[in-house]
Amino acid sequence: MDFIPVLKEGLPYVFKGTWVTLVVVAGALAVGLSIGLPLAVGTVYGPRWLRRLIDLYVWFFRGVPLLVLLFLFYFGIFPFLGLDLSAFVVAVIVLGCISGAYQSQILRGAILSVPEGQMKAARAVGMSDLQAIGLIILPQALRLAIPGWSNEYAILLKDSAVTYALGVAEIMARAHHVASRTYQHLPIYISAGVLFMGLTYVGTRLLAVLHKKVRIKGYA
Amino acid sequence: MIPDELFFLYRDLAPALIRGAAVSVRLILPSAVLGFACGVLAGSCRVYGFSLLRWAAEAYVAVFRGFPLLVQLYIWYFGMPRLGLYLTPYEAAVLGFTLCSGAYHSEYIRGALLSIKRGQILAAQAIGMSRLQTLRHIILPQAVRRALPGCGNEWIYLIKYSSLAYMVTCIELTGEGKIVASSTFKYTEVFAAVGFVYLLFVTLATWILKGLEKRLTLPGFEFHRV
């Protein structure tokens with residue numbers, strides 16, 4: 001039971017990392033959505049060359065491990081381009097690019113599951129392609145994508161622990177600080193894991209509520 | 001410049017990548033097999049087990065899907081010595097990958113087992129099959145085919161997550177890359193090359209899995225991906 005005083009003193013410090021973790025995850029989700037949405041529209045409605053290009057993007061960011069991408073961008077590409085970005089910013093960008101690849105697939109599925117007649121009807125009442133996509137297809141597709149999106153949140157939350165490798169002061173990094181100073185690795189890391197589980201639970205619950213809130217009657 | 005670059009590639013990078021890739025493969029293959037076995041066990045317990053077993057399997061899945069893999073690896077490698085369990089980095093990584101991917105596999109196995117209609121089991125009983133025969137000849141052949149796309153994805157995730165072994169000082173592909181990069185400062189080139197090797201692995205695995213799925217398809221029992 002010698003670990004209890006350490007937990008009492010160390011855990012508040014670890015828990016403060018929650019904000020960093022949540023900001024990284026929220027930022028990555030936002031970056032991912034702003035990449036994934038145009039990519040999804042592009043794969044469904046775009047010309048052949050654009051689809052090829054998007055496939056290439058998705059193949060790359062889904063095929064290379066997060067840790068390798070973090071190292072590649074943080075130590076390699078960004079300094080090479082003369083950009084001096086903090087670990088935090090790089091973490092958000094890299095996680096966002098990866099999430100964008102995955103989100104494009106989620107949203108593509110959602111767009112394809114909107115009945116075809118919707119597009120035809122929109123065109124029949126004289127909407128342009130862009131109007132039809134923006135006003136008719138996407139409002140339905142985005143609602144359908146929320147469950148997939150909540151999976152993406154859970155995955156990003158857990159992957160965000162890896163950004164500790166760059167020194168982002170999130171939960172995992174702080175847990176490591178405390179653990180390596182006090183040698184209480186087991187209780188500290190278990191607490192960190194439980195915290196991640198709690199955050200996953202709360203986040204997916206909130207998204208489930210959102211899913212219910214934005215539902216339009218008559219559209220299952 | 002170009003001969004210099006070639007020299008670097010020939011002398012530093014290529015041997016390191018080959019060494020690292022070999023370690024990565026030795027991490028991935030046992031974890032893939034053991035993880036799948038773990039998933040089949042946990043998945044069957046969740047569907048067919050009696051209440052205590054089912055409860056234990058559910059708890060296992062909840063914890064191992066809920067904790068980030070990195071935290072799990074740290075618990076095995078840095079945390080377990082407190083309980084007297086001293087693992088080498090390699091052992092800790094394989095154990096961590098196996099148990100984590102087992103939890104995810106069990107989800108797909110469970111879904112596949114549940115998707116087999118009750119009528120199939122009743123029909124098997126009606127023609128006099130024993131429980132084991134039903135499992136062997138009726139349930140498993142269908143369930144494995146339905147679980148394959150999901151489990152295949154999990155294996156591909158495993159290839160990528162094997163890079164986290166570096167964080168518990170198991171020097172595999174990423175670790176070898178990091179060593180070469182920090183001694184030569186050629187981060188972009190080295191990690192682009194490392195990324196390319198992973199892409200190769202992932203693409204190869206995707207092809208193999210697609211081929212396997214195609215080969216295993218039974219006419220009339222196609223499983224449609226959403």
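Worth a mention:
- Filtering the stretch A:86-102 to residues that are farther than 14 Å from A:V25 by Cα and within 13 Å of the chain's Cα centre (by Cα) leaves A:A101, A:Y102.
- Matching entry among B:G175, B:G150, B:G195, B:G211 (being out of contact with any strand residue (DSSP E or B) (no Cβ under 6 Å at 6 or more places or on another chain), touching a residue at least 60 places away in the same chain (Cβ under 8 Å) and either assigned to a helix (DSSP H, G or I) or surrounded by fewer than 21 Cβ atoms within 10 Å (Cβ to Cβ) (or both)): B:G175
- The residues listed here are B:V47, B:V63; of these, the one that is more than 14 Å from every other protein chain (Cβ to nearest Cβ) and β-branched (V, I, T) is B:V47.
- Hey, B:V144 within 14 Å of chain A (Cβ to nearest Cβ) and either in a helix (DSSP H, G or I) or touching a Pro at 6+ places or on another chain (Cβ under 6 Å) (or both) or not: no
- The test for being buried (at least 23 other Cβ atoms within 10 Å of the Cβ), over 20 Å from A:I77 (Cβ atoms) and within 8 Å of chain A (Cβ to nearest Cβ) holds for B:Y161.
- When residues of the stretch B:44-91 are limited to those that are of a type outside the set (S, T, N, Q) and not in a helix (DSSP H, G or I), the one surrounded by the fewest Cβ atoms within 10 Å (Cβ to Cβ): B:G84
- Test: residue in the stretch A:155-174 that is buried (at least 20 other Cβ atoms within 10 Å of the Cβ) and closer than 16 Å to A:P5 by Cα: no
- Checked across the stretch A:137-149, the condition of being within 25 Å of A:V68 (Cα to Cα), away from chain B (no Cβ under 14 Å) and surrounded by 18 or more Cβ atoms within 10 Å (Cβ to Cβ) holds for at least one residue.
- Candidates A:L83, A:L50, filtered to the one that is part of a helix (DSSP H, G or I) and over 23 Å from the mean Cα position of the chain (by Cα): A:L50
Only the coordinates and a few stated rules stand behind these numbers; no lab work does. It should be emphasised that the depicted structure is a prediction, and the values quoted were computed from it without experimental measurement. For neighbour counting, all protein chains shown are included, and Cβ atoms are generated from backbone atoms with ideal geometry for every residue, glycine included.
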